[in-house]
Structure formats: C-alpha cells, structure tokens
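Single-structure report; data block below.
The values are calculated or read from the model by the stated rules, or taken from the named source; none is laboratory data. None of the values given here were measured: they were computed from a predicted structure. Don't worry about glycine lacking a Cβ; one is built from the backbone with ideal geometry, like all the others, and counts go over all protein chains shown.
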Amino acid sequence: MFEGRKIILTKPVMEDAAYFQKWFMNKEFRHYYDSYMSVSLDMIEEEIKKVKDVTDPGAEKVDFTVKNKRNGEVIGIASIKDIDRQNGHAEIALGIGDEENRLAGFGVDLMIVLLDIVFYHFGFEKCYTKINDNNALGLKSALNFGFTAEGKLKNHTFIDGSYVDQWILAISKDEYEALAIVPKWKARS
C-alpha cells in the first residue's frame, strides 16, 4: 500500500471489479485512461487475479486501486507499466473514475505517489505517460505538473470513427525533484 496526502493505492481485489467495469463502460473514461482492462466483469476479474505486486522483480506492469484516504471510497485506477529495469524507466496511467472527484486534487496526489514509486521504489531515472490529443484536461494537467512533451504519434489512436494523435510526455527524476509543488504538496496536512 502506498499513501499520498489524499489517496491510498492498494492492489486491486475482486470487490474493485464492479467499479472498474462501471468506469470502463464509460466511453469517455475508456478513451482517456490508457490502460483499461475490458468491459466484461469476468475479464476484469481475471485481470485482477493476474495483477503483480510492486515488489515482484519480474513485474512488467503493476495495477492499483485508488482510494480516497479520508473515507476509503474507491475513486480510481492507476497503472505503472512497461517497467524497464534495464533502462530505468516506466510509463504511468491514471484515471479518477467519477467526474465529481476529478478536480478535487486527487489527480495531483496520485501523480506524486506514482512518481515516487517510479523514482524511489524502483529507483528509475525517467517516467513517461501517453495522452491522446483529445484529452485536453489530461494534457494540460501533465504539462502544468512538470511533464515535457517528447513527441506526438500522429493518427495513433482510433476513437469514435477517427484517428487521434497521441502525445508522449516525460519527466526525469531530477526534474521531478526540482518541482516546487512536490515538497509543498507533501508538507500539507
């Protein structure tokens, strides 16, 4: 379990499958969250059974359930994937499931916790994320946080009958440690 100021990350359990299914059935969420499992409850449950622990040295992907620290409510899902121990980098994907929780500071806290895992638990040098061009809030949030656009994959994702560009955004450990928001955010109680 990993804790932030506002969220707790836990390994998914079967009880989380219904939340995941609800969010994955939401077309908007599915288009924005770049690591969804399936819309079938049975398939989601099968994926949950296969989730690796963050301490597994062979894990190439680790999924988390995101909970509101204040009340324990399941509010989102996150993933660290393409874990590349040889080259010291990984990709993160995060999604706050219910719209009323999306602008409440949970995303910033989740980003900080995921980056702490990538940089301090795994000891990696770089973290990146992929965001579709039609996800204006996600792009703005990542760039404002401190990620840098490293490139754009043209017509990369097929959504609602047309192709959408996908951005690759990254942050290094040094850049993360230089961000003013991180120590300020962690110091808040």
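Descriptive notes on the structure:
- Some residue of the range 119-133 being aliphatic (A, V, I, L, M), out of contact with any helix residue (DSSP H, G or I) (no Cβ under 9 Å at 6 or more places or on another chain) and farther than 25 Å from Asp56 by Cα: no
- For the residues Ala104, Ala78, Ala90, the requirement of being touching a Leu at 6+ places or on another chain (Cβ under 7 Å) and among the small types (Gly, Ala, Ser) singles out Ala78.
- Taking helices (runs of 4 or more DSSP H) as the structural unit, those lying wholly within the range 1-109 and holding at least 2 residues that are closer than 25 Å to Glu150 by Cα correspond to 27-32.
- Screening Val39, Val51 for residues that are over 21 Å from Leu137 (Cβ atoms), free of Cβ contacts under 8 Å to residues at least 24 places away in the same chain and among the aliphatic types (A, V, I, L, M) leaves exactly one candidate, Val39.
- Residues that are modelled with pLDDT of 90 or more and either among the polar types (S, T, N, Q) or within 16 Å of Leu179 (Cβ to Cβ) (or both) within the range 83-107 comprise Gln86, Asn87, Ile92, listed in sequence order.
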